[in-house]
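This report refers to the structure that appears directly beneath it.
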Amino acid sequence: MSKVVIPNFKLNNGLEIPALGYGTWLGLNEKGEFIVEDAPKLVDALSYAIDVGYRHIDTAHLYRVEPEVGNVVRQKIEEGVVKREDLFITTKVWNSDHRPEDVEKSVKASLRRMGLNYLDLVLMHWPLSVSVEGVDEKIDYLDTWSGFESVLKQGLVKAIGVSNFNVEQLTRLLANCQVVPVVNQVEINLNLGQKELVDYCQKNNILVVAYTPFGRMVPSRLDTTCPAIRHDDPIMLDIAKKYGKTVQQVALRYLYQRGICSIPKTLTKTRVVENASIFDFQIDDADVATLQKFDNNYRTVRPVFWQNFNNYPFDKVDVDITEIPLSLRKWKNGANLDID
Ligand code: NDP
């Protein structure tokens, strides 16, 4: 079995986080339903990922798979592959749990579903608050953050952070918080470089974690109608060939060279190894300059159904607003979707 060695980044609270983690969002199908049938594949792939050397796992209450993630983690500890303290496990609090007391309930429920007694990192999934009925609750994320500070103080989690915050929201948070977030997890990839946001975070010692790190540069996400870089782009293929790597490895390495942590998701074992085999080469300055030119502000994840809600973090676009999918409002957890 080939092994991978993943270096760490240091967080602003002194803890270390592996520079590449395993993403666990299985996604929604065309009908907006959660792809629950992939849960067993996730168990296999995550188990394999830990065997080959992954130590950082990114999950969320929304992803429904906290029970599976917890089972795999406990199994690997029992097998002696890892100790709990070798792992860095992140989960997230959903938009319907933004009251400070609900943050605590959400974190405790995540711990129960995973069968763990602490989490390494818990993130506020979005700066906006939405009830399970889909109503804008207009709860200030500063109030929500006080709930995060409380779970940190109680020792339920080792670190707290945010996700999908823009510069303005972070600036307001930093001016009013007791604990500075360790991380801002946002979409970053070749099309969406987010230079201003990354510079702001790095200046303030907040680690940027890139979600959807491939954007549309994978065959499964090809969309010929949008201005996103394709996996068969000839310039990318040339650069990848020069380093003896795949285009996806070049994309992840580029993020690493920018000081950004990434959390690619794959259910394919060969890709589990491929995605983490990026720490043995250096993209040179000329190629970095070429890669920078793909940045065209194209966003892959754009939840327009929230765009008129308080604290929506992205620029608004001119499209018909659809309803919030039910699967982003109410759900149960686990492969049989029967766990609270
Ligand atoms: P990714 O950019 O990780 O892309 C996943 C897709 O790429 C899958 O279809 C996968 O296929 C394919 N893939 C993975 N590796 C390769 C490879 N080497 N070559 C070709 N195809 C590949 O997208 P995600 O949106 O899943 O983002 C990653 C993680 O970020 C999520 O799983 C989640 O943990 C987190 N996230 C956080 C969000 C937030 O709001 N905070 C929002 C979205 C994601 P296959 O599985 O078949 O191999």
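The values are calculated or read from the model by the stated rules, or taken from the named source; none is laboratory data. A quick note: this is a predicted structure, and the numbers were derived from the prediction, not measured. Methodologically, a virtual Cβ is constructed for each residue, glycine included, from the backbone with ideal geometry; neighbour enumeration extends over all protein chains shown. Side chains are part of the model used for accessible areas, which takes the heavy atoms of the whole protein and leaves out ligands, DNA and RNA. Shrake-Rupley method; radii C 1.70, N 1.55, O 1.52, S 1.80 Å.
Rounded to whole numbers, the Karplus 3J(HN,Hα) couplings from phi for the stretch 295-308 are 6, 10, 6, 7, 9, 7, 9, 9, x, 5, 5, 9, 5, 9 Hz, using 6.51 cos²θ - 1.76 cosθ + 1.60 with θ = phi - 60°, and x at Gly and Pro.
For the chain, the extents of the C-alpha atoms along the principal axes are 53, 52, 41 Å, listed from largest to smallest.
Listed by chain and number, the lysines whose alpha-carbon sits under 19 Å from that of K245, ignoring those within fewer than 8 places in the same chain, are K3, K265, K269.
To the nearest 20 Debye, how big is the dipole of the chain about its Cα centre, given +1 on the beta carbon of each Lys and Arg and -1 on that of each Asp and Glu? Please list the in-between numbers first.
Details: 40 positive and 45 negative charges, 123 e Å.
With Lys and Arg at +1 and Asp and Glu at -1, about 580 debye.
Sparse packing (at most 12 other Cβ atoms within 10 Å of the Cβ) combined with a DSSP loop state is found for the following trypsin sites (Lys or Arg not before Pro) in the stretch 124-232: K138. How much net charge surrounds L11 when only the other residues with a Cβ under 10 Å from the Cβ of L11 are counted, with Lys and Arg +1 and Asp and Glu -1? Net charge around L11: 0. Each principal axis of the Cα atoms in the stretch 180-270 has its own extent, and those three values, largest first, are 40, 30, 26 angstrom. With one equal scatterer per alpha carbon and no solvent term, the Debye-computed log10 I(q)/I(0) for the stretch 103-161 at 0.15, 0.20, 0.31 1/Å reads -0.46, -0.76, -1.28. Per residue, the solvent-accessible area of the stretch 253-312 (1.4 Å probe, heavy atoms of protein chains only, all protein chains present) comes to 45 Å².
My understanding is that a pair violates if its Cα-Cα distance is over 26 Å; which of K83/K153; K31/K158; K31/K76 do that in this structure?
Details: K83/K153 24 Å; K31/K158 37 Å; K31/K76 35 Å.
Violating the 26 Å Cα-Cα cut-off are K31/K158; K31/K76.
Hydrodynamic analysis of the stretch 65-138 uses the Kirkwood radius over alpha carbon pairs. Inserted into Stokes-Einstein at 20 °C and 1.002 mPa s, it gives a translational diffusion coefficient of 160 µm²/s. Here is the P(r) of the stretch 190-340: all C-alpha pair distances, binned every 5 Å from 0, give 2, 8, 14, 18, 19, 15, 12, 8, 4, 1, 0 in whole percents. Legend: P(r) of the stretch 20-77 from all alpha carbon pair distances, 10 Å bins from 0, whole percents, reading 23, 56, 19, 3. Dividing the convex hull volume of the alpha-carbon atoms in the stretch 4-110 by its residue count gives 126 Å³ per residue. For the stretch 107-232, the calculated P(r), taken from all Cα-Cα distances in 10 Å bins from zero up to the bin holding the longest distance, is 12, 34, 32, 19, 3 percent. Each distinct pair of alpha carbons in the stretch 38-186 adds a 1/r term; the inverse of their mean, the Kirkwood radius, is 15.8 Å. Could you work out how far the C-alpha centroid of the stretch 93-116 sits from that of the stretch 251-327, in angstrom? The two parts, judged by their Cα centres, are 26 Å apart.
Converting phi to 3J(HN,Hα) with the Karplus coefficients 6.51, -1.76 and 1.60 and the offset θ = phi - 60°, the stretch 117-133 yields 10, 7, 10, 6, 8, 10, 10, 6, 4, 9, x, 9, 10, 9, 6, 5, 7 Hz in sequence order, with x at every glycine or proline. Within the straight-line cut-off of under 22 Å between alpha carbons, the lysines reachable from K316 are K138, K195, sequence neighbours fewer than 8 places apart in one chain being disregarded.
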